[in-house]
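Student: Mind looking over this structure? Questions follow.
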Amino acid sequence: MRAEILSTGDEVRSGAIADTNAAAIAEALESGGITVMRHTCVGDDTELIAEVLQAMARRAEVAVVTGGLGPTMDDVTAAAAALAAGVALREDPEALTQMERFFRSRGLEMTAANRKQALLPDKAVVLENKNGTAPGFRMQLGDCRLYFLPGVPREMKPMLARHVLKDLKAHQQAEGRFHRVDVVTTFGLPESVVGEELRDLAAADSRLQIGLRVLFPEIHIRIYSHGKREEGLETRIGELKIAIRERLGKRVLSEEGRRLPEVLGGMLLDRGATLALAESCTGGLMAKQLTDVAGSSGFFLLSAVTYANAAKRAVLGVGSETLAQYGAVDETTAREMAEGARRVSGADYALSTTGIAGPDGGSDDKPVGTVCIGLATPEGSTAFRYGFSFGDRDMNRRIFAAMAFDRLRLYLSGLLPLKKVRT
């Protein structure tokens, strides 16, 4: 199925508000086996929106439209849809009831201005909005199925899942079509290398396609499977995942689409083990990423953001002699930081980061992008030094955090030789 996306609103058209909706909708549709052909953005102009809707309906089988369903005079999307279809606007009883219920549940009074939001094109199907006042709606224009959703992301996203994706999946199943997307996550190789390694893998089966998505610093391998019958495809997908792991080895994080912090957290939970952090250059980023993982309280104990040398000494017990001789960015300092975090927290494992994220602060010996990572375990401790040249502070911090997590992942997997862990 071919789809198009339309974002409306002067704020989006002018760039005052970033159009994050189009990206979220496109990703969701593509994952559902629907090819997005075009993104369009127009301002609050009834006739222009109607013109674009008619053009989209001639080209696509599916269209998703966001924005312009509010109570103000510049919210004109419903009127534009009616104009495009050549029908009248009418007050929809179901939409009005849903709106009244929403206001009542929050102890608010619905105004006359809000009542405008119940005006929908004749014969449109109401899509309930449980998180806001603007009902969405669905209508047919020629051979195209159009879905109209609010522009507020926290309202749009639940409605996209509940109404659009669910409806389209049922429509595909009724036609005997199926589609699914599997994701294999990797870390440690550039996109070009991953692409070259996998270039020939899906060529033998027309029902399978491989695509790459960069979610820095990870590379996600997306396996698209589609066809008229699902028989035998599950086995083929499994074989393809085995081949990917054979090609990429220890660079594969997960065959279920899990990202690095979640993978590491799962490994710790499986072992009943705990983790502490000592962060300098990452400034709490690692702690944030770990606590984004559901169930992180089961393995994560503590993060000490010891940015200053005085904090490294006072909180973690890093030696004054160490800092004087080697400086803050050094393997010896990183190792003592990790040991201190493990000692202070009582955790089974500890990681530390100390480095130069930039844009300044580097030297010939320790240029911007240098990071030292400490790893403390029940068997001993060690440290690593790496250099990156992204030239961007945020990218450096994210790769520093990922490298630290990956050192522990590899160690727990038995892929980091024990001889490298010194007491």
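Student: Has region 62-69 got at least one residue that is within 30 Å of Asp182 (Cβ to Cβ) and surrounded by fewer than 20 Cβ atoms within 10 Å (Cβ to Cβ)?
Tutor: Among the residues of region 62-69, not one is within 30 Å of Asp182 (Cβ to Cβ) and surrounded by fewer than 20 Cβ atoms within 10 Å (Cβ to Cβ), which makes the answer no.
Student: Restricting to region 245-268, name every residue that is small (Gly, Ala, Ser) and in contact (Cβ under 8 Å) with a residue 40 or more places away in the chain.
Tutor: Ser254, Gly257
Student: Pairs please, first residue from region 122-135 and assigned by TED's automatic domain parsing to the domain that holds Phe102 and assigned to a loop (DSSP other than H, G, I, E, B), second anywhere and of a type in the set (Asp, Glu) and buried (at least 22 other Cβ atoms within 10 Å of the Cβ), Cβ atoms under 8 Å, 6+ apart in sequence or on different chains.
Tutor: Filtered contacts from region 122-135: Ala124/Asp92; Pro135/Asp92.
Student: Next question, about the same structure. Mind counting the residues in region 42-66 that are of a type in the set (Val, Ile, Thr), in a strand (DSSP E or B) and either modelled with pLDDT under 95 or touching a helix residue (DSSP H, G or I) at 6+ places or on another chain (Cβ under 6 Å) (or both)?
Tutor: 3
Student: Hey, any hits in region 310-325 for a residue that's in contact (Cβ under 8 Å) with a residue 12 or more places away in the chain and closer than 20 Å to Asp406 by Cβ?
Tutor: No, region 310-325 contains no residue that is in contact (Cβ under 8 Å) with a residue 12 or more places away in the chain and closer than 20 Å to Asp406 by Cβ.
Student: Filter region 1-40 down to the residues that are loosely packed, with under 14 Cβ neighbours inside 10 Å and among the polar types (S, T, N, Q), then identify the one that is farthest from Asp74 (Cα to Cα).
Tutor: Thr35
Student: In addition: Would a scan of region 140-150 turn up a residue that is surrounded by fewer than 17 Cβ atoms within 10 Å (Cβ to Cβ), out of contact with any Ser or Thr (no Cβ under 8 Å at 6 or more places or on another chain) and not polar (S, T, N, Q)?
Tutor: yes
Student: Note down all Cβ pairs under 7 Å where the first residue falls in region 14-31 and is in contact (Cβ under 8 Å) with a residue 60 or more places away in the chain and within 20 Å of Glu155 (Cα to Cα), the second is in a helix (DSSP H, G or I) and not hydroxyl-bearing (Ser, Thr, Tyr), and they're at least six residues apart or on different chains.
Tutor: These pairs meet every condition: Thr20/Pro153; Asn21/Pro153; Asn21/Met156; Ala24/Lys157; Ile25/Leu160; Ala28/Leu160; Ala28/Leu165.
Student: Give me the pairs, please: first residue somewhere in region 184-204 and aromatic (Phe, Trp, Tyr), second residue anywhere and assigned to a helix (DSSP H, G or I), beta-carbon distance under 7 Å, and either six or more positions apart or on two chains.
Tutor: Within 7 Å, the pairs are Phe187/Arg251; Phe187/Leu260; Phe187/Ala402; Phe187/Asp406.
Student: Follow-up. Given the conditions (1) hydrophobic (A, V, I, L, M, F, W, C); (2) at pLDDT 95 or above; (3) more than 25 Å from Gly142 (Cβ to Cβ), and given that Met110 satisfies all but one, which numbered condition is not satisfied?
Tutor: Unmet for Met110, out of (1) hydrophobic (A, V, I, L, M, F, W, C); (2) at pLDDT 95 or above; (3) more than 25 Å from Gly142 (Cβ to Cβ): (2).
Student: Applying the selection to region 57-79, what residues are under 28 Å from the mean Cα position of the chain (by Cα) and hydrophobic (A, V, I, L, M, F, W, C)?
Tutor: Ala60, Val62, Ala63, Val64, Val65, Leu69
Student: Also: What residue, of Arg259, Arg251, is surrounded by 17 or more Cβ atoms within 10 Å (Cβ to Cβ) and in contact with a Gly (Cβ under 6 Å, 6 or more places away or on another chain)?
Tutor: So the residue among Arg259, Arg251 that is surrounded by 17 or more Cβ atoms within 10 Å (Cβ to Cβ) and in contact with a Gly (Cβ under 6 Å, 6 or more places away or on another chain) is Arg251.
Student: Go through region 269-280 residue by residue and tally those that are in contact (Cβ under 8 Å) with a residue 40 or more places away in the chain and surrounded by fewer than 24 Cβ atoms within 10 Å (Cβ to Cβ).
Tutor: Total satisfying the criteria: 3.
Student: Starting from residues that are of a type in the set (S, T, N, Q) and more than 17 Å from Ala3 (Cβ to Cβ), keep the ones in region 140-187 and report whichever is modelled with the lowest pLDDT.
Tutor: Gln173
Student: Does region 87-97 contain at least one residue that is crowded, with 20+ Cβ neighbours inside 10 Å, out of contact with any strand residue (DSSP E or B) (no Cβ under 6 Å at 6 or more places or on another chain) and small (Gly, Ala, Ser)?
Tutor: Within region 87-97, none of the residues are crowded, with 20+ Cβ neighbours inside 10 Å, out of contact with any strand residue (DSSP E or B) (no Cβ under 6 Å at 6 or more places or on another chain) and small (Gly, Ala, Ser).
Student: I need the full set of residues from region 208-226 which are closer than 25 Å to Met1 by Cα and either of a type in the set (Ser, Thr, Tyr) or buried (at least 18 other Cβ atoms within 10 Å of the Cβ) (or both), in order please.
Tutor: Result: Leu208, Ile210, His220, Ile221, Ile223, Tyr224, Ser225.
Student: Among the residues of region 19-35, is any farther than 17 Å from Ala161 by Cα and in contact with an Asp or Glu (Cβ under 7 Å, 6 or more places away or on another chain)?
Tutor: Scanning region 19-35 turns up no residue that is farther than 17 Å from Ala161 by Cα and in contact with an Asp or Glu (Cβ under 7 Å, 6 or more places away or on another chain).
The values are calculated or read from the model by the stated rules, or taken from the named source; none is laboratory data. No experiment lies behind these values; they were computed from the predicted model shown. So basically every Cβ, Gly included, is an ideal-geometry build from the backbone, and we count neighbours across all protein chains shown.
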